[in-house]
Amino acid sequence: MFKKLKFLDFKILIPYLILSIIGIVMVLSASSYNLDQLGKKTTATGLKQLFFLIVSLLVMIIIYKTKLSIFCSALFQKIIISFSFLLLLATTVLGLGTITGGAQRWISIGPISIQPSEFIMITIILYTAYIFSKREQFFHYNFKDTILGPTIIVASLILLVFTQPNVGGAAILTLIFLILLFASGIPYQYMLGGFGIMMLFNFIMTRLILFHNGVLLPQKYHYIFDRFSVVKNPFDYQFENGYQLVNSYFAIYNGGWFGRGLGQSIQKKGFLPVAETDFIFSIVTEELGILFAILILAVLLYLILRILAIGINAHSTFNSLVCIGISSAILIQVFVNLGGILGFIPLTGVPFPFMSYGGSNLLTLSIMIGLVLNISANEKKYALAQQQEHSLTNHSLATLAKK
């Protein structure tokens, strides 16, 4: 572990810590009013988020210490795929999931609730990177073994997420898979085949929404069309389905360039329900201002580009695809969350990375960062070994020349 510390990438670790610490402060601020009104300790949610961060850091350290070869082994891939299916089946099909807001997305373990669909991001990134890193075999295997099987496995996981219902989560997972598919460098025939299979599954999911058991648009999917109608003009629905979006606008407007001051948000006082989750960035903008919000986005963009750069320069296809998948996952979450609170796209319930309240998302992102740190260290060690080998070769040639 201590030998590996000298390869630690602080250009990844420091932005992660900055964003996570700001997140704890803002969760504490955003949740304090509602907790006070309920007669609870105003720091309860913030302290819980701090606990999530500590656990996430410990898990991240374990991921960093683990040999990278384990993650790209066939046995590990079988384990995470099997575990992911079991977790999703237990949540929805077996009915062990807790229903909140009409969605069955969480499993309660004592006082803690986990959202399995968050961890599926890691499964899809690692499994897809593992499959596509064997691209040299695609010239020897048939279509069924190389693309059809793996794509159906990924699509089945996404379908289970969709049925919770979690349309936003399913869409993000689909995008991540398609990005990795096109970044893989596999022959275009296989690429188009994988794309076609995934589009077929998406078509099936759309049909499930529109027609189910002879009923047009099942009740649990009504919220999708409601949110699309709200986006067009939220002020027409400001006391109905557009209530949250309109108050998100008010929060951003109230903040101006420099904000009202930490803890001084108006919209968190009952106008934005559960402001510490999906609308945390609206509260950040209201309390700390547009300039600070832009600074946060700049830190996030730097982190995403740094991860992408590691992936582009990686000597291993597996390392490269994992980094591309992780940077894509973070970028998509930022885009979907901001698009929702600004009214560009329908609200999907996707959290803002590193800052929204919730242990599942923070732990998932921390595992991803741990993987990137591990890959970065691996790439640095590889580059150092190559440099030493090159120096040794040059020295040997110089010695021979003298003789």
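Worth pointing out:
- Considered as a group, the residues in the range 331-369 that are at pLDDT below 90 and among the hydroxyl-bearing types (Ser, Thr, Tyr) include one that is least open to solvent (accessible area, probe 1.4 Å), and that residue is Ser360.
- Test: residue in the range 15-22 that is among the aromatic types (Phe, Trp, Tyr), at pLDDT 95 or above and on the phi < 0 side of the Ramachandran plot: yes
- For the range 304-330, filtered to residues that are of a type in the set (Ser, Thr, Tyr) and either touching a Gly at 6+ places or on another chain (Cβ under 6 Å) or part of a helix (DSSP H, G or I) (or both), the residue that is surrounded by the fewest Cβ atoms within 10 Å (Cβ to Cβ) is Thr317.
- Matching residues, the range 305-347, being within 30 Å of Pro234 (Cβ to Cβ), within 18 Å of the chain's Cα centre (by Cα) and small (Gly, Ala, Ser): Ser328, Ala329, Gly339, Gly340
- Scanning the range 268-280 for residues that are open to solvent by 10 Å² or more (accessible area, probe 1.4 Å) and under 19 Å from Ile22 (Cα atoms) yields Val274, Glu276, Thr277, Asp278.
- The requirement of being in contact with a Gly (Cβ under 8 Å, 6 or more places away or on another chain) and modelled with pLDDT under 90 is fulfilled somewhere in the range 36-52, by at least one residue.
- The lone criterion from (1) buried (at least 17 other Cβ atoms within 10 Å of the Cβ); (2) at pLDDT 75 or above left unmet by Pro165 is number (2).
- Matching residues in the range 54-71 - criterion: being part of a loop (DSSP other than H, G, I, E, B) and open to solvent by less than 50 Å² (accessible area, probe 1.4 Å): Thr66
The values are calculated or read from the model by the stated rules, or taken from the named source; none is laboratory data. Only a predicted model underlies this, so the values are computations on that prediction, with no experimental measurement involved. Glycine also receives a Cβ, built like all others from the backbone with ideal geometry; neighbour counts cover every protein chain displayed. Keep in mind that these areas ignore ligands, DNA and RNA; they rest on the heavy atoms of the full protein, side chains included. Shrake-Rupley method; radii C 1.70, N 1.55, O 1.52, S 1.80 Å.
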